[in-house]
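In what follows, a structure is listed as structure tokens, so that the remarks can point back to it.
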Amino acid sequence: MEEIKNAVRAACAVSVGICIMENFTAGTKFGSQLKFMLNLILALVLISPFLNGMAELDIPSVNDFDLAEYNYSTDIYSEELKKQTEKNISEILTEQITAAGIHCGELETEVNIYEDFSISINRVKIKTDDFSGAERIIKETLGDGTEVINGNL
């Protein structure tokens, strides 16, 4: 870390030197040659930490607390993804049932999202006056394997 600080300080000092020399030698014959030399020095200053073994820089290890925090945020993400997916599917099914002319009161969808992010729609609970019509539309949309529960009971 100390090598990085020294390299930054040296680069700043050489940059300041370049600016000062450019101002003093702006219209002279040797201005461009001096600028070229100072730019070479700046390049050497910037490259020298890598040549002197900065490649052996220690990378800090990740402690268990950070990993636990990451797992916690992953769990939160998974739960929010599940809730949003359930909400979206419920809204789409409600629109389809309403478009068929069936009054749809409340519709809840139960979803499982697996590690490969595939979705399994297990159960749909619906409160409606025409349960058999709504059940037919849901099974046509989601497949016959989906369990449809009458929420009026």
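Structure above, values below:
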| quantity | calculated |
| --- | --- |
| Cβ charges +1 (Lys, Arg) and -1 (Asp, Glu), total dipole of region 89-145, debye | 140 |
| Proximal charge balance of Lys125 [Cβ under 12 Å; K/R count +1, D/E count -1] | -4 |
| Gain upon complete extension [Ala11, Glu110; 0.36 nm per residue less C-alpha separation] | 29.6 nm |
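Bear in mind these aren't lab numbers, they're just calculated from the coordinates by the rules spelled out. All figures in this text were calculated on a predicted structure; none of them were measured in a lab. With ideal geometry, Cβ positions are generated from the backbone for all residues, glycine too; neighbour counts draw on all protein chains shown.
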